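Here the structure comes first, spelled out in C-alpha cells, and everything after it is commentary.
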Amino acid sequence: MTGKILITAALIYANGPVHVGHLVEYIQTDVYTRFLKSKGFNAIYCCADDTHGTPIEVAALKAGKDPEEFIKRWYDEHKKDFADFLIKFDSYYTTHSKENEEFTNLIFKKLKDRGHIYKKNVKQLYCEKCERFLPDRFVKGICPKCGAEHQYGDVCEVCGATYRPTDLKNPYCAICGEKPKLKNSDHYFFRLSAFSDKVKDWLEGNKNLQKDIKNYVLSWIEKGLEDWGISRDSPYFGFKIPGEKDKYFYVWLDAPIGYIASTENYCKGKPCSAKDYWERKGSKIIHFIGKDIAYFHLIFWPAVLMGAGFNIPENVVVHGFLTVNKEKMSKSRGTFITGREYLEKLDPEFLRYHYASNLSHSTSDIDLSFEDFKNKVNSELIGNVANFCYRTLSFINKQGKGRIGKIGSNKSDMLTLEKVNELTRKIDSAYQKFNFRDVVKNALEISDIGNRYFQENEPWKLAKTDKKRASEVLALSANIVKRLAIVLKPVLPKFSENLEKQLNLKSLAWKDLYKDLENHRIGRPKIIFNRIERVGFGGKEKEPGEDPFSCLDLKVAEIERVEDHPEAERLYVLKIKMGKEKRTLVASLKGHYLKKELLGKNIVVVSNLKPAKLRGIESKGMLLAVEKGGKIGLLTSRDREGADVFAEGIKRKPKREIDIKDFLKLGLEARGGKIYYRDKTLRTGKSEISLDRKIEGKVS
C-alpha cells in the first residue's frame, strides 16, 4: 500500500451522546489506522459530526435551543468522549462548516453542469397550521409496509422499511397533530438511475468489498434504482442551494461530503489539500460503516463521486450491530450504555480489547455480554498478557538488577523466538485483512509461549546456579514483552506506551519488531491494569455472592511413599502428608510417572472429597491432574505441605464433604503452565500453583 491513505468512520449524528454501539466502529477504524501508521504508511483518520437535517431541527426545538447551539454542545461532548476512548483522529470536524458548504456547492455544480441534476414539480405534505412542508421526521402516520402506527415519514422503526412521507397512511403533523394536505413544490433530483451500470461494474470489480454486502447491494440495483431527491423546503437546518430562495440541500447530500471537508480541515497549514486525496491519482480512500447505511455508501455516494469526477473509495468495510447481553440496546433493560457511563466505571482499553477480540472482516453482529466481557479481560488481558509482562520485567528488576543481557543462541531459545516471530507475521496479515479477532488470538498465543518459556526455564533457580543462562532466559522473555507491546499497540495504545516506559524505550513501531533488545537497562516495572470485580451496568450484574469454588478444601500435600496397588496394574497407592495429617490416596499414575519421580513432590489435593474405595483400598481425597492426548501432568506447588490452595478473591468456606460431581462442575483449567478457575489463578499464600508438564486442558 503506497501513496496517501484516507480512512473514515461514519459521521455520528449530533443529537445525542456517544454510546457503546457507536464505539464499535470508531475503535475498529482507530485500530486499523494506528496499525497502518505503525507500519509507516501515510494514513490519516478523518471524521466529523453530522449536523444537518430534520431530526436535528426537531431535537433542538424540543431542547428549546437554536440548532447551532444544540450541535455545538454535542460536538464538544463527542470530541471528549472519543479522546477518552483513545480514538486518535487526524481531523475531527463538523458538517456545519464553511469547507463543507463550499464542497457541497462545488459538487452540486459539477453534477448539474454534467446533466446529472434536474428539477421537477412534486406533491408534498404541507401543514397549513404550521405553515410549512413536512419532510421526514416532521410527519407521522401508519407505516405503508407493516401497518405500525405513529411512524416517521422516512423510516419505520418497527419493520425498518424506508419510504416517502407521502406513502404514510393517515399522516399527521408531528408538531401540532393536524392532518396535512398535499401541495406542489419544485425540487432537485440526482439521476441515480443513470449510474446503475457504473456502480454495478465498480461493485463487481472491487475485490476488497465483503461478498455478503456486495451481493446485498447488487440486489438493490437489480430491482432498479430510483432518482434521488436532494433538496428540502424551507425552513430546514442545512445549506441553502445557490440561486434558490427557500430550498436547502438534503442532509444525505452534504453529510458524506463532510468526509471531504474534514480532509480539507486536516490539510490546513500542511503542504496538501483535499484534492490530493479526492481528485488526484495515487490516493486510497477507505470507509468504515455499519451495515444499516450500506445503501448510501455503496450506491448513492459512489454515484455522486463518479458524476462529479472525484475519486471513489477503494474499500468500504462494513461491520455488524452491537448487542448487549444478546439483546438490542435498551434503556428499559439497562443495556443502553453511553460512553461516559462506561468510563465512570471501567478502563477504556478493556472495551477496545473486547471489541478487537470479536471483530473480523464480517458483518456479523457482536455481543457485549457483561459476564463474558469481565472474564475475557480478567483472564486473557490481565491474567495472561499483563501478568506475563509484569512478571518478566519485575523479575529482571529484582534479580537482574534491571539489566537485560543477550539472548541465548541454543536451539531451544532460537525455536521459541521463531515461533513468536511467526505469530507476529500472522498478526501483521490479520491487521491488513481487518481480522482483529485473529490479532488478539495470536497475541495471546505469544504470551502463552512467553509464560511457558519463563515457567519451564525457572530463572529463579538459574539465578543461583547458572547466572549466564538466567540472563539469557530473561533477555528472551523481555524481547517477547517488547514484541507484545508493538503488535498490541493499535488495540491497546496506552498499555503499550506503559510497557515502553517500563522497557525504557520510546515510540516503538512495526520496524522495531525484529530488532532484538540486548545489553539494555529497563525502567521501573508497574502493574498497569487492575482486575474487574463488577461490571454493574443497569443493575444487570448482581453483587457478588458465595462462589461455588468456596466449598473446596484444597491443600498442598507432600508424597512420602509410593506403592503398587496389589489389585490394579495402573494404580499407585500414595502415602501423603498435609501438615499434621497423613492420608492414603489411590491414583492412576502408573505408566506416566516412575515412583522416584513422585517421591517428595508437593501436589494439590481435594481434601474434603467424599472417600471412595478403589479396588479395595480407600482413597481419602483426590490429587489434581490434567490429562490430554494420553499424557498426564500434576498440579504442584513450591509452598510447604499443608498450605491452603485458593482462588484469589474468593473466600474459603469449605464444606465438610463434597461429591466428585460438584468438583467437576467447577471446570478448572490449565493454561500456559498456570491453573485457572474462570479468570482467577490458583495459588497459595506464597506462590501460584503450576503444572509440572507442558499440557493444557481440564483439571480432574
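The values are calculated or read from the model by the stated rules, or taken from the named source; none is laboratory data. Because the structure is predicted, anything quoted here is derived from the model rather than measured. Don't worry about glycine lacking a Cβ; one is built from the backbone with ideal geometry, like all the others, and counts go over all protein chains shown.
Among the residues of region 46-60, none qualifies, meaning not one is more than 24 Å from Ser97 (Cα to Cα) and surrounded by fewer than 24 Cβ atoms within 10 Å (Cβ to Cβ). Can you tell me which residue is surrounded by the most Cβ atoms within 10 Å (Cβ to Cβ) among those in region 143-164 that are closer than 27 Å to Tyr118 by Cβ and either basic (Lys, Arg) or at pLDDT 90 or above (or both)? This residue is Arg164.
The set of residues from region 589-600 being over 15 Å from Thr636 (Cβ atoms), at pLDDT 90 or above and either assigned to a loop (DSSP other than H, G, I, E, B) or in contact with a Ser or Thr (Cβ under 9 Å, 6 or more places away or on another chain) (or both) comprises just one member, Leu594. Within region 341-350, can one find any residue that is out of contact with any His (no Cβ under 9 Å at 6 or more places or on another chain), within 27 Å of Val481 (Cβ to Cβ) and surrounded by fewer than 18 Cβ atoms within 10 Å (Cβ to Cβ)? No; the residues of region 341-350 include none that is out of contact with any His (no Cβ under 9 Å at 6 or more places or on another chain), within 27 Å of Val481 (Cβ to Cβ) and surrounded by fewer than 18 Cβ atoms within 10 Å (Cβ to Cβ). Against the test of being over 24 Å from Arg73 (Cβ atoms), more than 19 Å from the chain's Cα centre (by Cα), of a type in the set (Gly, Ala, Ser) and at pLDDT below 95, the options Gly3, Gly16 yield a single qualifying residue, Gly3. If you check Phe300, Phe288 for being crowded, with 19+ Cβ neighbours inside 10 Å, modelled with pLDDT of 95 or more and assigned to a helix (DSSP H, G or I), only one passes: Phe300.
The residues on offer are Glu226, Glu264, and the sole one that is assigned to a helix (DSSP H, G or I) and either in the same structural domain as Gly309 (by TED's automatic domain parsing) or touching a helix residue (DSSP H, G or I) at 6+ places or on another chain (Cβ under 8 Å) (or both) is Glu264. Yes or no: Val573 touching a strand residue (DSSP E or B) at 6+ places or on another chain (Cβ under 9 Å), without any contact (Cβ under 8 Å) to a residue 60 or more places away in the chain and crowded, with 18+ Cβ neighbours inside 10 Å? So Val573 fits the description; yes. Selection of region 589-611 for residues being farther than 17 Å from Ser690 by Cα and without any contact (Cβ under 8 Å) to a residue 24 or more places away in the chain yields Gly591, Leu594, Lys596, Pro611.
Residues that are in a loop (DSSP other than H, G, I, E, B) and in contact with a Leu (Cβ under 9 Å, 6 or more places away or on another chain) were ranked within region 646-671; the one that is surrounded by the most Cβ atoms within 10 Å (Cβ to Cβ) is Leu668.
Of the residues examined, Ala470 is not one that is part of a helix (DSSP H, G or I), over 12 Å from Arg391 (Cβ atoms) and either at pLDDT 95 or above or not assigned by TED's automatic domain parsing to the domain that holds Lys401 (or both). For Lys540, the requirement of being basic (Lys, Arg), modelled with pLDDT of 95 or more and assigned to a loop (DSSP other than H, G, I, E, B) is not met. Among the residues of region 411-452, the ones that are exposed (fewer than 13 other Cβ atoms within 10 Å of the Cβ) and touching a residue at least 40 places away in the same chain (Cβ under 8 Å) come to 1 in all. Hey, does region 422-442 have a residue that's in the same structural domain as Val481 (by TED's automatic domain parsing) and in contact with a Gly (Cβ under 9 Å, 6 or more places away or on another chain)? No, region 422-442 contains no residue that is in the same structural domain as Val481 (by TED's automatic domain parsing) and in contact with a Gly (Cβ under 9 Å, 6 or more places away or on another chain).
Within the set Asp186, Asp201, Asp197, Asp212, the sole residue that is surrounded by fewer than 17 Cβ atoms within 10 Å (Cβ to Cβ) and part of a strand (DSSP E or B) turns out to be Asp186. When Ser550 is tested against (1) closer than 20 Å to Val699 by Cα; (2) part of a strand (DSSP E or B), exactly one condition is not met: (2).
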